[in-house]
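Everything on this sheet refers to the single structure shown next.
The values are calculated or read from the model by the stated rules, or taken from the named source; none is laboratory data. Computed from a prediction, not measured in an experiment: that's the story for all the values here. Glycine gets a Cβ as well: all are built from the backbone with ideal geometry, and neighbour counts include every protein chain shown. Accessible surface areas use protein heavy atoms only, side chains included; no ligands, DNA or RNA. Shrake-Rupley method; radii C 1.70, N 1.55, O 1.52, S 1.80 Å.
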Amino acid sequence: MSELTVGILGGGQLGSLLCIASKKLNLNTVVYSDDKDAPAQIYANEFILGDYKDKTRIQAFIGKVDVVTYEFENIPFETLDLINQFKEVKPKPTVNKIVQHRLYEKDFINKCNISTTRYVSIKKKSDLNANIKLIPGLLKTCRLGYDGKGQYKLNDSSDLENLKIDFSQEYILEKMINLKKEFSIILTRFGHSIHSVYEPIENEHENQILKYSKIPADIDLKILSKAQDWASIIADDLDYIGTICVEFFVDKNDNLYVNEIAPRVHNSGHLTINAYNISQFENHIRAICGLEKIKLKKLYNAKMINLIGDQIVSYQGKKFSSNEFFFDYGKKDIKPNRKMGHLTIIQKN
Ligand code: ADP
Ligand code: MG
């Protein structure tokens with residue numbers, strides 16, 4: 001038994017991969033999730049089923065762990081704040097408070113003098129009519145969206161007429177960017193100006209869901225280097241500890257924008273498991289547990305394919321070559337648009 005126990009809020013594929021990385025480092029894990037079928041429970045030393053607002057269950061969780069992290073950003077801030085009074089939450093809860101709200105997130109990025117698309121807060125129907133200049137655009141819920149959920153495409157002003165929107169929630173309207181490329185920068189911050197930065201990862205989405213990731217990115221090096229600087233500024237400004245992902249857009253005129261920040265390990269970084277000496281997951285655990293930072297070494301070029309919905313079926317039981325790595329997340333039910341697994345293909349020279 002190791003001395004340190006890592007508490008992980010959330011029990012999906014990212015939680016599973018964090019447990020696997022912890023085990024490699026000889027650390028124990030306790031996973032907390034509100035899903036009784038959470039896939040991470042089979043990789044964790046212990047699993048606690050509970051609502052994220054259930055203070056009694058959360059207290060039981062606190063009693064079992066030394067440090068706490070999370071696999072998704074939509075854990076209630078109050079819960080993270082409560083935990084943090086007893087055991088340190090990393091990255092710290094205030095990071096989450098900013099990032100789990102699309103408007104606060106974009107305000108923060110702009111405050112760092114970093115570009116985003118133009119955006120405006122939308123609280124009622126008339127706010128939309130007053131901001132026709134941001135259409136074509138995307139209307140997104142400020143909270144709880146992921147994989148394109150909670151997003152409405154507005155192509156022209158006539159789309160406003162047919163739109164049925166529940167204004168008990170807050171929205172952000174973002175001007176649509178004429179995309180040339182999307183990519184992400186993943187880095188792990190261990191402390192002030194101490195970053196392990198992975199090579200930029202080029203991403204391709206289908207129906208607003210990540211489908212393919214690859215390194216190297218086929219993007220102008222000057223743009224990539226500027227993005228790496230921006231990601232480091234963001235991580236420093238947030239006083240971040242752990243692995244963070246910053247998603248970027250490049251438009252047809254080669255302008256660079258930050259799309260969003262994920263305060264956690266990220267789907268586009270799955271290829272770091274096979275392409276690097278230290279994966280984004282291991283680095284996250286190292287940083288939050290105060291373990292040694294090991295110099296990153298890229299081993300291979302690689303690409304990753306997300307297996308969404310029933311795409312997983314034809315891969316289960318398939319034979320793979322030595323440069324292919326298949327991960328089945330072990331989710332109980334196949335649902336359309338659900339990330340079920342992924343395949344990483346490394347390019348051996
Ligand atoms: P999620 O939280 O669901 O990942 P994102 O804001 O990252 O939400 O949107 C998902 C995808 O939708 C992006 O990766 C991109 O392909 C597309 N998208 C989102 N916002 C814009 C925008 N303002 N302009 C163009 N494409 C966008
Ligand atoms: Mg995104």
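Details
- Matching residues in region 113-133 - criterion: being assigned to a strand (DSSP E or B) and either within 16 Å of ligand 2 (Cβ to nearest atom) or small (Gly, Ala, Ser) (or both): TYR119, SER121
- Condition met for TYR198 (assigned by TED's automatic domain parsing to the domain that holds GLU282, among the aromatic types (Phe, Trp, Tyr), open to solvent by less than 10 Å² (accessible area, probe 1.4 Å) and within 26 Å of LEU343 (Cα to Cα)): yes
- Options GLY145, GLY137, GLY63; residue that is touching a Lys or Arg at 6+ places or on another chain (Cβ under 7 Å) and of a type in the set (Gly, Ala, Ser): GLY137
- Test: ASN178 is of a type in the set (S, T, N, Q), surrounded by fewer than 17 Cβ atoms within 10 Å (Cβ to Cβ) and more than 10 Å from ligand 1 (Cβ to nearest atom): no
- Figure legend. Inter-residue proximity from region 237-251: first residues at pLDDT below 95, second residues open to solvent by less than 10 Å² (accessible area, probe 1.4 Å) and within 15 Å of ligand 2 (Cβ to nearest atom), beta-carbon distance below 9 Å, spacing 6+ or different chains. No pairs are indicated.
- Residue satisfying all of: in region 29-57; touching a residue at least 24 places away in the same chain (Cβ under 8 Å) and over 23 Å from the mean Cα position of the chain (by Cα); nearest to LYS331 (Cα to Cα) among these: ASN45
- Selection within region 210-226 - over 17 Å from the mean Cα position of the chain (by Cα) and of a type outside the set (S, T, N, Q): ILE215, PRO216, ALA217, ASP218, ILE219, ASP220, LEU221, LYS222, ILE223, LEU224, LYS226
- Residues in region 262-304 that are more than 27 Å from THR94 (Cβ to Cβ), among the hydrophobic types (A, V, I, L, M, F, W, C) and either within 16 Å of ligand 2 (Cβ to nearest atom) or under 15 Å from the mean Cα position of the chain (by Cα) (or both): LEU271, MET304.
- Residue in region 204-221 that is of a type in the set (Ser, Thr, Tyr) and either away from ligand 2 (no atom under 16 Å from the Cβ) or on the phi > 0 side of the Ramachandran plot (or both) present: no
- Exactly one residue among ASN110, ASN74 is open to solvent by less than 70 Å² (accessible area, probe 1.4 Å), within 15 Å of ligand 2 (Cβ to nearest atom) and either in contact (Cβ under 8 Å) with a residue 60 or more places away in the chain or assigned to a helix (DSSP H, G or I) (or both), and that residue is ASN74.
- Boolean, VAL99 is touching a Pro at 6+ places or on another chain (Cβ under 6 Å), closer than 24 Å to ASP147 by Cβ and of a type outside the set (S, T, N, Q): yes
- Test for PHE190: is it away from ligand 1 (no atom under 11 Å from the Cβ) and at pLDDT 95 or above: yes
- Among the residues making up region 77-89, those that are open to solvent by 20 Å² or more (accessible area, probe 1.4 Å) and closer than 12 Å to ASP54 by Cα are GLU78, LEU82.
- Given (1) aromatic (Phe, Trp, Tyr); (2) within 30 Å of LEU291 (Cβ to Cβ); (3) surrounded by 18 or more Cβ atoms within 10 Å (Cβ to Cβ); (4) outside the structural domain of ASN253 (by TED's automatic domain parsing), number of the condition TYR171 does not satisfy: (2)
- Residue match in region 134-143 (condition: assigned to a helix (DSSP H, G or I) and either open to solvent by 60 Å² or more (accessible area, probe 1.4 Å) or not acidic (Asp, Glu) (or both)): yes
- Per the listing TYR276, TYR240, TYR212, the residue uniquely closer than 22 Å to LEU9 by Cα and among the hydroxyl-bearing types (Ser, Thr, Tyr) is TYR240.
- Test: ILE241 is away from ligand 2 (no atom under 16 Å from the Cβ) and either under 24 Å from GLY148 (Cα atoms) or open to solvent by 20 Å² or more (accessible area, probe 1.4 Å) (or both): yes
- In region 250-278, the residue that is nearest to ARG143 (Cα to Cα) out of those that are in a strand (DSSP E or B) and open to solvent by 30 Å² or more (accessible area, probe 1.4 Å) is GLU260.
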